[in-house]
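Asks: Please read through the structure below; I'll follow up with questions.
Please treat every number below as a calculation from the coordinates, not as lab data. In this text the structure is predicted, and so the values were computed from the model without any measurement. Using ideal geometry, Cβ is built from the backbone for each residue, glycine included, and neighbour counts are taken over all protein chains shown.
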Amino acid sequence: MVASRSDLGRDEIVEALTSLVGAAQVDTDEQQLREASVDRFKKYSAVHGIFDGPIPAAIVYATSTEQVASVLEFAQEHRVNVVPRTGRTATEGGLETVVENSIVLDGSRMNQVINVDPENMMVTTQCGVPLQVLEDTLRAQGFTTGHSPQSKPIAQMGGLVATRSIGQFSTLYGGIEDLVIGLEAVFPGGKVSRIKNVPRRAAGPDIRHIVIGNEGALCFITEVTVKIFTYQPQNNRFLGYLVDSLPAGVDALRRVIVDGYRPSVARAYSEEDAAQHFSHFSQGRAVVVLVAEGPEPVAEATERGIQEIFEQVPHEVVDSALIEEWFDNLNWGQDKIDAEKEQMLHGARLGYTTEVSINWSGVTELFESVMRRVRTEFPRASDLTMLGAHSSHSYQTGTNLYFVYDYNIAVAPRDEINEYHIPINAIVVEEALRLGGSMVHHHGIGKYRTPWTEQEHGSAYPLLKGLKHSFDPQGVMNYGTIYPAE
Ligand SMILES: Cc1cc2nc3c(=O)[nH]c(=O)nc-3n(C[C@H](O)[C@H](O)[C@H](O)COP(=O)(O)OP(=O)(O)OC[C@H]3O[C@@H](n4cnc5c(N)ncnc54)[C@H](O)[C@@H]3O)c2cc1C
């Protein structure tokens, strides 16, 4: 727990917030506050009713940029820690309120799609629009954002930009950083900045990137404009292959990418990971999944190119209907979250993930060294029921590896995080950094990869630190996120 640095006590903070935004927008319900003190990093202890960290003073549901500005002005003046949130799907502790008497500033009621602009192929939304709602709105008009993280049914635009999220179709459309055209954000003290919507510019460094990925540690995102694309699912081609190993599958993906093809989906699963996703056809082998999309001639040519490449790779073809069917059930809505809660409550088992990135040349060593170290060094390795990995986002120069691990829990719920998730996560992060990769591909640093932020950035770390000093000199934005607690 970090002590409050505010000159105000808990009741005074609540009173001031109520007069700023109105009682209807300030929630002090004890259970809501307890649940707001953590995110899915501590999903297992939370489901067992354990909330050991400081409980926030209030949740403020802002309804306008002006209200966000007034809360941030108040917070800076009185040095109250602010934790921004929208969809609450965070997995790395970004929503944890580690400072006593924090304000949770919630943007989910700022939920209007402001403008669909089909001529300039962009859409502007408030931060609290769920991506699924935006997609449904756009698809009804023949468009798509091209952004499809597995959390699409719940995650909202502000959080998706704040975490540098990425979707399943990223090889064609890119991550959120490739999709954001402009935005509006409020900085500590209540300063509103709008970054205008232009196709490209060379007017100094790209200031969008101060905001994209800031994880609420520099500013609060209130509005976002992203690209839109023609939605033409009728042309999609689904391809699946059984291959010898994850490295063999990734090598095939590399050939597809470097030969110039841009399937929207390009994934390779290790045998273990494939067995949990594709048990009805994987036969104990590694699996590669691809989707070609776009205008029909492009989708057709991409499919043909991929098939030609796979002629050089030992493989067995999977029926494309099986791959299409798998995609239809991939995303996580409230139903799956509720089912997971039931499982966590009634069975002492859990699944977690750690995602990192690496150049092509390092993939095999990273995969093999993590698998070896977890199996031999993790003291509770005998409780593992699954350890595997997949590559799900590829680039000209490399790919991500998404390690997945399930285990039976042989300790009390409070101890799970330290006995299981944190040590396995540490091995993955250490190996990625040792081999020159990045410790985090798309979930954000949150509060649990901060011990490695400096190592991640090396001699460039002062640039990152400088942003905090410049924009949040009082340190009131999401203390302990991205920047290690001091
Ligand atoms: C089942 C599941 C599947 C997932 N799949 C993917 C995936 O495929 N790809 C992917 O990239 N991620 C994935 N995630 C992670 C998560 O969904 C993303 O990080 C998402 O972008 C978070 O959006 P959110 O609206 O839920 O944000 P929240 O959880 O509310 O917040 C996330 C972080 O952003 C900050 N933040 C939130 N709103 C704002 C704002 N308006 N201004 C400033 N900071 C803000 C918070 O302080 C926090 O640090 C998954 C998570 C789950 C639970």
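Asks: For the range 275-385, just run the numbers: alpha carbon Rg, then divide by 2.2 N^0.38 Å, N being how many residues it has.
Replies: Here the answer is 1.40, to two decimals.
Asks: Treating the beta-carbon of each Lys and Arg as +1 and of each Asp and Glu as -1, no other charges, what is the dipole magnitude of the chain about its Cα centre, to the nearest 20 debye?
Replies: Computed charge dipole of the chain: roughly 840 debye.
Asks: A further question on this structure: How large is the translational diffusion coefficient of the range 330-486 in µm² per second when you combine the Kirkwood radius over alpha carbon pairs with Stokes-Einstein at 37 °C and 0.692 mPa s?
Replies: 190 µm²/s
Asks: Moving on. Give me Thr397, Thr222 sorted ascending by neighbouring Cβ count inside 10 Å, so fewest comes first.
Replies: Thr397, Thr222
Asks: Could you run the Karplus curve 6.51 cos²θ - 1.76 cosθ + 1.60 with θ = phi - 60° over the range 113-125 and give me ³J(HN,Hα) per residue in whole Hz, x for Gly and Pro?
Replies: Taking θ as phi minus 60°, the curve returns 7, 7, 7, 9, 10, x, 6, 8, 6, 8, 9, 10, 9 Hz for the range 113-125.
Asks: Still on this structure: Of the trypsin sites (Lys or Arg not before Pro) in the range 311-406, which ones lie in a loop per DSSP and count no more than 16 other C-beta atoms within 10 Å?
Replies: Arg380
Asks: Set the Förster distance to 25 Å, then compute FRET efficiency between Asn115 and Asp136 from the Cβ-Cβ distance, nearest 0.05.
Replies: 0.90
Asks: Could you work out the Kirkwood radius for the range 255-306, taking every pair of different alpha carbons, averaging 1/r and inverting it, reported in Å?
Replies: 12.0 Å
Asks: Taking a ≥ b ≥ c as the square roots of the Cα gyration tensor eigenvalues, with a/c under 1.5 meaning rounded and otherwise prolate when a/b beats b/c, else oblate, which class fits the range 117-244?
Replies: Cα axes put the range 117-244 in the prolate bin.
Asks: Here's a follow-up. Between Glu30 and Val411, what is the spin-label point distance in nm, taking each point 7 Å from the Cα along the Cα→C-beta axis?
Replies: Placing both labels 7 Å beyond Cα along the Cβ direction yields 2.9 nm.
Asks: If we sort 460-469, 177-186 on the protection proxy, mean other Cβ atoms within 10 Å, highest first, what's the order?
Replies: 177-186, 460-469
Asks: List, in order, the whole-Hz ³J(HN,Hα) value for each residue of the range 407-419 obtained from phi through the Karplus relation with A = 6.51, B = -1.76, C = 1.60 and θ = phi - 60°; use x for Gly and Pro.
Replies: Calculated HN-Hα couplings, in order: 8, 7, 9, 9, 10, 5, x, 4, 8, 3, 4, 7, 7 Hz.
Asks: Rounded, prolate or oblate: which one fits the range 1-149, using the alpha carbon gyration tensor with axes a ≥ b ≥ c (rounded when a/c is under 1.5, else prolate when a/b beats b/c, else oblate)?
Replies: Taking the square roots of the gyration eigenvalues as a ≥ b ≥ c, the range 1-149 is oblate.
Asks: Also: Percent of Cα-Cα pairs per 10 Å bin, from 0 to the last occupied bin, for the chain, please list those.
Replies: 4, 19, 29, 27, 15, 4, 0
Asks: Counting pairs of alpha carbon atoms under 8 Å apart in space and at least six apart in sequence, what relative contact order in percent does the range 78-209 give?
Replies: Averaging sequence separation for qualifying contacts and normalising by length gives 17 percent for the range 78-209.
Asks: Tell me, what is the Rg over Rh of the range 203-339, with Rh the Kirkwood radius over Cα pairs?
Replies: Radius of gyration over Kirkwood radius for the range 203-339 works out to 1.06.
Asks: Then there is this: Can you list residues from other chains, or at least 5 along the same chain, whose modelled amide H is less than 5 Å from the amide H of Ile181?
Replies: Result for Ile181 returns Thr225, Val226, Lys227.
Asks: A 32 angstrom limit on the alpha carbon distance is what I want to check against. Which of Lys227/Lys336; Lys152/Lys191; Lys43/Lys468; Lys341/Lys468; Lys42/Lys227 exceed it?
Replies: Over 32 Å Cα-Cα: Lys341/Lys468; Lys42/Lys227.
Asks: Scan around Ala58 for amide H atoms under 5 Å from its own, H built in the peptide plane at 1.01 Å from N, and keep only partners 5 or more places away or cross-chain.
Replies: Counting only residues 5 or more places away or on other chains, the set is Val104.
Asks: Net charge within 12 Å of Gly388 by Cβ-Cβ distance, Lys/Arg positive one each and Asp/Glu negative one each, not counting Gly388 itself?
Replies: -3
Asks: Report the extension gain between Ala301 and Lys336 in nm, rounded to one decimal, defined as 0.36 nm multiplied by the number of residues separating them, less their alpha carbon distance.
Replies: Answer, rounded to one decimal: 9.0 nm.
Asks: Right, here's the next one. Could you let me know the centre-to-centre spacing of the range 134-211 and the range 231-255, using Cα atoms, in angstrom?
Replies: What the calculation gives is 27 Å, centre to centre.
Asks: Going by the alpha-carbon gyration tensor, a ≥ b ≥ c the square roots of its eigenvalues, is the range 394-486 rounded (a/c under 1.5) or, if a/c is not under 1.5, prolate (a/b greater than b/c) versus oblate?
Replies: Taking the square roots of the gyration eigenvalues as a ≥ b ≥ c, the range 394-486 is oblate.
Asks: Non-local amide H neighbours of Ile114 (under 5 Å, H modeled in plane, Pro and chain starts lacking H): which ones?
Replies: Under 5 Å from the amide H of Ile114 lie the amide H atoms of Thr124, Thr125, Gln126, each far enough along the sequence or on another chain.
Asks: Could you tell me which GluC sites (Glu not before Pro) in the range 261-325 are loop residues by DSSP with no more than 10 other beta carbons within 10 angstrom of their beta carbon?
Replies: Sparse-neighbourhood loop GluC sites (Glu not before Pro): Glu311.
Asks: If you don't mind, another one. Taking Cα pairs under 8 Å and at least six residues apart, what relative contact order does the range 178-327 come out at, in percent?
Replies: Once normalised by length, the contact order is 25 percent.
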